[in-house]
1. Six or more apart or on different chains, Cβ atoms under 9 Å: show the pairs whose first residue is in region 78-95 and touching a residue at least 40 places away in the same chain (Cβ under 8 Å) and whose second is part of a helix (DSSP H, G or I) and of a type in the set (Val, Ile, Thr).
2. Quick one: which helices (runs of 4 or more DSSP H) lie wholly within region 71-141 and hold at least 1 residues that are out of contact with any helix residue (DSSP H, G or I) (no Cβ under 7 Å at 6 or more places or on another chain), of a type in the set (Asp, Glu) and open to solvent by 30 Å² or more (accessible area, probe 1.4 Å)?
3. Tell me which residues, restricted to region 2-37, are among the small types (Gly, Ala, Ser) and on the phi < 0 side of the Ramachandran plot.
4. Residue check, Trp136 against (1) within 19 Å of Glu20 (Cα to Cα); (2) within 14 Å of the chain's Cα centre (by Cα), all met but one. Which one?
5. Spot the failing condition for Lys21; the list is (1) in contact with a His (Cβ under 9 Å, 6 or more places away or on another chain); (2) open to solvent by 30 Å² or more (accessible area, probe 1.4 Å); (3) closer than 20 Å to Pro138 by Cβ; (4) touching a residue at least 40 places away in the same chain (Cβ under 8 Å), and only one is missed.
Amino acid sequence: MIKLTPDLLIGNATIDHDHEKLVKIINEFLEHSKSISNVELMSETLKSLLDYTKFHFEREEKIQKECMYPYYNMHHHEHKALVMQIQEMARTYFIEKTKPVDKNSINMLNQLLKTWLFDHIKKFDTNMRQWVNPDWQPPQP
């Protein structure tokens, strides 16, 4: 089970709460990866991620604009790239059906989720801290 550790917190209640939702999506994926069919698991996870990106990226980018975050454009492009990855997976496996939904596809989605959580949040989102809440300090573990 994955947890949103102090080093992944941003210091903005809205963003941190949204990130908790992402962790929940990831944990549900991991929990069900052995108990339900690959097709159902992948389909539900991709739907959840697409829903999540619609509200989270919009809210996060609004906060970035309000605090005049200097790397907004770079961050926005990173968000678009993540959405495109999810859309491409959905298109490949469920619309065009050019690849089978199997253990390999589940592993690819698992890797995307890990990359998103640890690379995007840790490398990109934590850089916002000093703009969204300059006085905030992550709690000590």
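The values are calculated or read from the model by the stated rules, or taken from the named source; none is laboratory data. In this text the structure is predicted, and so the values were computed from the model without any measurement. Neighbour counts are summed over all protein chains in view; Cβ atoms, including those assigned to glycine, are modelled from backbone coordinates with ideal geometry. When the accessible area is computed, the model is the full protein with side chains, heavy atoms only, and any ligands, DNA or RNA have been set aside. Shrake-Rupley method; radii C 1.70, N 1.55, O 1.52, S 1.80 Å.
1. Final answer for the pair search is Ile86/Thr53; Tyr93/Val39; Phe94/Val39.
2. Hits in region 71-141: 72-90.
3. Quick first cut of region 2-37, residues among the small types (Gly, Ala, Ser) only: 11, 13, 33, 35, 37.
Passing the criteria: Ala13, Ser33, Ser35, Ser37.
4. Every listed condition holds for Trp136 apart from (2).
5. (4)
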